[in-house]
Amino acid sequence: LLLWIRNSLTPDKACKAFMDPTSPFQRELVQYLEAVHQGGSITKAASAASQVPEYRSPIMMLPEPPPDACPEKCTACDGCKGLESWWSQFSFTVNDILFKSNIHTCRSNKDSNNWGTCCGRFPWLVFKQTEVNPATGSLNIKKLEAWINTVSAAVSYLFWCNTDVTSLRLGTAMNGIMYYVTKYVTKMLLKTHVIFDRVCSVFQK
């Protein structure tokens with residue numbers, strides 16, 4: 001199914017606008033991509049989450065919805081203070097989830113191929129800021145953690161488990177994800193020893 005959005009840029013115009021480093025199109029597209037997914041935790045305090053008084057593990061609870069926002073956005077009423085407190089709790093919870101479920105660790109030879117490299121292609125290259133190749137237009141999205149896949153903070157908070165998020169910017173990536181999903185939903189049932197191995201790995205985390 002091919003959809004064309006009315007009044008949108010043609011592929012040629014979009015390419016020219018993106019290749020221009022001074023155009024707002026490139027800047028706003030990069031800002032959008034950095035906003036919808038990230039390559040690391042929100043803060044560096046995730047590892048100390050379980051040491052906070054009255055700590056509750058996120059895997060044992062459901063996510064809390066945000067309070068109603070103040071229509072005037074005065075920043076001083078109870079509604080604004082409650083929303084600010086919720087955002088703080090949101091960041092804390094997402095960090096905790098990423099620390100508990102998203103950090104990859106290679107277990108002996110089970111996660112390595114015949115060449116001794118990780119089957120999950122870890123560690124990833126780290127980029128302190130998003131880089132745009134002026135010759136090809138390729139993007140290297142900002143990524144601060146080598147052992148975490150790109151994630152969406154909102155998706156992690158809603159599902160409270162290990163999730164990966166990426167942007168499909170190329171036809172090759174789209175074909176690859178279609179192949180992955182098809183292979184995943186049609187694969188054979190796991191063998192008993194594999195199931196117990198996965199359960200063991202969950203408890204070890």
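The residue list 138, 152, 156 contains one member that is surrounded by fewer than 17 Cβ atoms within 10 Å (Cβ to Cβ) and either among the hydroxyl-bearing types (Ser, Thr, Tyr) or at pLDDT 85 or above (or both), which is 138.
Considering only region 94-115, I want to know if a residue exists there that is touching a Gly at 6+ places or on another chain (Cβ under 6 Å), at pLDDT 85 or above and open to solvent by less than 80 Å² (accessible area, probe 1.4 Å). No; the residues of region 94-115 include none that is touching a Gly at 6+ places or on another chain (Cβ under 6 Å), at pLDDT 85 or above and open to solvent by less than 80 Å² (accessible area, probe 1.4 Å).
Within region 197-204, is even one residue farther than 30 Å from residue 14 by Cα, in contact with a helix residue (DSSP H, G or I) (Cβ under 6 Å, 6 or more places away or on another chain) and open to solvent by 70 Å² or more (accessible area, probe 1.4 Å)? Looking for residues that are farther than 30 Å from residue 14 by Cα, in contact with a helix residue (DSSP H, G or I) (Cβ under 6 Å, 6 or more places away or on another chain) and open to solvent by 70 Å² or more (accessible area, probe 1.4 Å), one finds none in region 197-204, hence no.
Here is a list: 182, 163. Which entry is within 18 Å of the chain's Cα centre (by Cα) and β-branched (Val, Ile, Thr)?
On the way: 182 fails: within 18 Å of the chain's Cα centre (by Cα).
Selected residue: 163, the only one of 182, 163 that is within 18 Å of the chain's Cα centre (by Cα) and β-branched (Val, Ile, Thr).
Just one of the listed residues (150, 163) is of a type in the set (Ser, Thr, Tyr) and touching a His at 6+ places or on another chain (Cβ under 8 Å), namely 150. Look at region 117-129: where a residue is within 19 Å of residue 41 (Cα to Cα) and open to solvent by 70 Å² or more (accessible area, probe 1.4 Å) and a partner is in a loop (DSSP other than H, G, I, E, B) and of a type in the set (Lys, Arg), sitting 6+ places away or on another chain with Cβ atoms under 8 Å, you get 128/142; 129/142.
Among the residues making up region 58-85, a single one is among the β-branched types (Val, Ile, Thr) and farther than 29 Å from residue 161 by Cα: 75.
Does residue 143 satisfy the criteria of being open to solvent by 50 Å² or more (accessible area, probe 1.4 Å) and among the basic types (Lys, Arg)? Judged against the criteria, residue 143 is not a match.
The rows are residues; the columns are (1) modelled with pLDDT of 75 or more; (2) under 30 Å from residue 98 (Cα atoms); (3) surrounded by 14 or more Cβ atoms within 10 Å (Cβ to Cβ).
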{"residue": "2", "(1), (2), (3)": "no, no, no"}
{"residue": "5", "(1), (2), (3)": "no, no, no"}
{"residue": "8", "(1), (2), (3)": "yes, no, no"}
{"residue": "11", "(1), (2), (3)": "no, no, no"}
{"residue": "22", "(1), (2), (3)": "yes, no, no"}
{"residue": "32", "(1), (2), (3)": "yes, yes, no"}
{"residue": "37", "(1), (2), (3)": "yes, yes, yes"}
{"residue": "41", "(1), (2), (3)": "yes, yes, yes"}
{"residue": "50", "(1), (2), (3)": "no, yes, no"}
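Among the residues of region 172-181, are any in a helix (DSSP H, G or I), among the polar types (S, T, N, Q) and either open to solvent by 80 Å² or more (accessible area, probe 1.4 Å) or out of contact with any Phe, Trp or Tyr (no Cβ under 9 Å at 6 or more places or on another chain) (or both)? Looking through region 172-181, at least one residue is in a helix (DSSP H, G or I), among the polar types (S, T, N, Q) and either open to solvent by 80 Å² or more (accessible area, probe 1.4 Å) or out of contact with any Phe, Trp or Tyr (no Cβ under 9 Å at 6 or more places or on another chain) (or both). Scan (1) at pLDDT 85 or above; (2) open to solvent by less than 70 Å² (accessible area, probe 1.4 Å); (3) small (Gly, Ala, Ser) for the single condition residue 85 breaks and write down its number. In the conditions (1) at pLDDT 85 or above; (2) open to solvent by less than 70 Å² (accessible area, probe 1.4 Å); (3) small (Gly, Ala, Ser), residue 85 misses (2) alone.
The values are calculated or read from the model by the stated rules, or taken from the named source; none is laboratory data. It should be emphasised that the depicted structure is a prediction, and the values quoted were computed from it without experimental measurement. Using ideal geometry, Cβ is built from the backbone for each residue, glycine included, and neighbour counts are taken over all protein chains shown. For accessibility, only protein heavy atoms count, side chains too; no ligands or nucleic acids. Shrake-Rupley method; radii C 1.70, N 1.55, O 1.52, S 1.80 Å.
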